[in-house]
Amino acid sequence: MGEGSKLAILGGPKAVTLDQKGITGWPIVTEEDEEAVLEVLRRGAMSGRDVTMQFEQEYADWHGTKYALGHSSGTAALQAAMWACGVGVGDEIISPSLTYWASALPVFGLQGTVVFADVHPDTLTIDPGDIEHRITQRTKAIVPVHLGGHPADMDPIMDIAEKHDIKVIEDVSHAHGALYKGRLVGAIGHVACFSIMSGKALATGEGGMLTTSDRYIWEKATAWGHYGRTRATQWTGELEEQIITAPDLTPFVGMPWGGYKYRMHQLTSAMGRVQLKHYKERMAEIQQAMNYFWDLLEGVPGLQAHRPPQNSGSTMGGWYAPRGIYNSEKLGGLHLHRFAEAVAAEGATCGAGSRRRLHLHPLFNEADIYGHGKPTRIANSDRDLRQPEGSLPVTEAEGDRVYNIPWFKHYWPKIIEEHAAAYRKVAENADQLL
Ligand SMILES: *Cc1c(COP(=O)(O)O)cnc(C)c1O
């Protein structure tokens, strides 16, 4: 063993030595963002909707959807989408458990509930093969999440939805700009929701966007959280027939139908417009950097890229919180946590130990939020649909096989090469840790 291959965790030299100087810093905020925000402040238009409507138009144009509707958060957009898709008392959505809570939890506020499906071990997105048997009379929507930028397998999901006449709500909070077989995610399902809070790939302040080409869904989402627009909206008529029996809509406009106020802060929309203008170019650099990292690790034992196959027409968008997949068997059984410690000791980023298993969380199993005298998850259900430990094996194994890799925002090859070298060094010298 050469001294150079002695692992840093055992006293050897570190693989990463260069200054990291901002390669992962995000968002990129320039004077253009500052000017756009100041313009709104100086005009005192923080609570208006003119800038938001421009942002919506640009967002819809980008996706080729008929509508985009700005929200105060991605969470708000998701709840609006659920309601717009008809989720009500006792109704069910099907979502992955391996996601941020907001993909599913807003359903509680509608007195509905969630049934979790497992994920596919390579894509970490909802497994189309684990959806159909979970559909009941009360299922209203499937919520695929493009986890960590990886597009969910939308074709079979849309087929299942069509067959059962239910809706698909894409959660695009991790995958702004990702392609699925050449099509932009967020324009494939019946409706899509995006978080654009500061941590996401398309980053502003707190905010969310809802896109759809379905007039009825757009009208409902508007009625739900945008009271200020209900008067100006040209209702097609379908909505009032289904939601209210009054022949005259007038008493209902000017008020949000669910009692929520979800419009976007105009400092968010102002910054969002600037961020969106530069996003494609910045995303392209992220893609180049991240693909370079994985290309360097091609064939290294135990390490599998979390990205769609090359030439599949699918891409990772902005690679939000990118991940890798670990196979400890290929490294003599070395546990992921020990592997991650060793990579970190080399000076590279390697985060292991995520705990995103919603189906095992007490909030989804025990909490009685609204005082029903039973857990909210089953308060309005005709059966106990809770899912115990062991019920979603791929999701539950995630903590031992998925880790976070550095999220490079710039294609600075020398730094990326050092990080890849750190991963390679630990994987190829795993025997030193056994
Ligand atoms: C961030 C996020 C949300 C919620 O968005 P907010 O803007 O934080 O409310 C929803 N789903 C996923 C998968 C997220 O990561």
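Just so you know, all these numbers are worked out from the coordinates, no wet-lab data involved. Everything quoted here is computed from the prediction, not taken from an experiment. Methodologically, a virtual Cβ is constructed for each residue, glycine included, from the backbone with ideal geometry; neighbour enumeration extends over all protein chains shown.
With neighbours defined as other Cβ atoms within 10 Å of a residue's Cβ, the residues 46, 209 order from fewest to most as 46, 209. Taking the Cα atoms of the chain, the ratio Rg/Rh between the radius of gyration and the Kirkwood radius comes to 1.00. Full extension of the chain segment joining residue 428 with residue 155 gains 94.5 nm, where the gain is 0.36 nm per residue of separation less the Cα-Cα distance. Which distance in Å, rounded to a whole number, links the C-alpha centroids of the stretch 114-186 and the stretch 187-215? When both Cα centres are located, 16 Å separates them.
In straight Cα distance, which aspartates and glutamates are under 14 Å from residue 280, not counting same-chain residues fewer than 8 positions off? List returned: 58, 61. Extension gain for residue 136 to residue 32 (0.36 nm times residue separation, less C-alpha to C-alpha distance): 32.4 nm.
Over the stretch 31-273, Cα pairs under 8 Å with separation of 6+ residues give a relative contact order of 25 percent.
Suppose R0 equals 30 Å. What FRET efficiency, 1/(1 + (r/R0)^6) with r the Cβ-Cβ distance, do residue 284 and residue 66 give to the nearest 0.05? Write out the running numbers ahead of the final one.
Numbers: r = 27 Å, r/R0 = 0.89.
Efficiency for this residue pair is about 0.65.
What number, in percent, do you get for the relative contact order of the chain if the mean sequence gap of Cα pairs under 8 Å and at least 6 apart is divided by its residue count? After rounding, I find 22 percent.
Going by neighbour counts of Cβ atoms within 10 Å, the residues 260, 180 line up, fewest first, as 260, 180.
What the Cβ-Cβ distance of residue 421 and residue 181 gives, at R0 = 35 Å and to the nearest 0.05, is a FRET efficiency of 0.55.
Answer rounded, prolate or oblate for the stretch 88-218, using the Cα gyration tensor with square roots of eigenvalues a ≥ b ≥ c: rounded when a/c is under 1.5, else prolate when a/b is larger than b/c, else oblate.
rounded
Neighbour counts of other Cβ atoms within 10 Å put 28, 94, 160 in the fewest-to-most order 28, 160, 94. Applying 1/(1 + (r/R0)^6) with r as the Cβ-Cβ distance of residue 311 and residue 58 and R0 = 30 angstrom yields a FRET efficiency of 0.50. Within a straight-line Cα-Cα reach of under 15 Å, residue 220 can be paired with the following aspartates and glutamates, leaving aside sequence neighbours fewer than 8 residues apart in one chain: 238, 240, 241. Note on the chain: with a GNM built from Cα contacts shorter than 10 Å, the maximum mean-square fluctuation among 172, 145, 89 falls on 89. Multiplying the residue separation of residue 215 and residue 365 by 0.36 nm and removing their Cα-Cα distance gives an extension gain of 50.4 nm.
Using Cα atoms only, what is the angle between the long axis of helix 50-63 and the major principal axis of the chain, expressed in degrees (0 to 90) to the nearest 10? Relative to the chain, helix 50-63 is tipped by roughly 60 degrees. Return the aspartates and glutamates within reach of residue 181: Cα separation strictly under 15 angstrom, same-chain partners fewer than 8 residues apart disregarded; answer none if there are no such residues. By straight Cα distance, residue 181 reaches 153, 155. Compared with the dominant Cα axis of the chain, that is its longest principal axis, helix 74-84 is turned about 40°. Build a GNM of the chain with springs between Cα atoms under 10 Å apart, and of 221, 289, 201 the one that fluctuates most is 289. By how many degrees, 0 to 90 and rounded to 10, does the Cα axis of helix 215-225 deviate from the longest principal axis of the chain? Long axis of 215-225 versus the principal axis of the chain: about 90 degrees.
Using only the alpha carbon atoms of the stretch 31-273, find the Kirkwood hydrodynamic radius as the inverse mean reciprocal pair distance, in angstroms to one decimal.
One decimal place: 18.1 Å for the Kirkwood radius.
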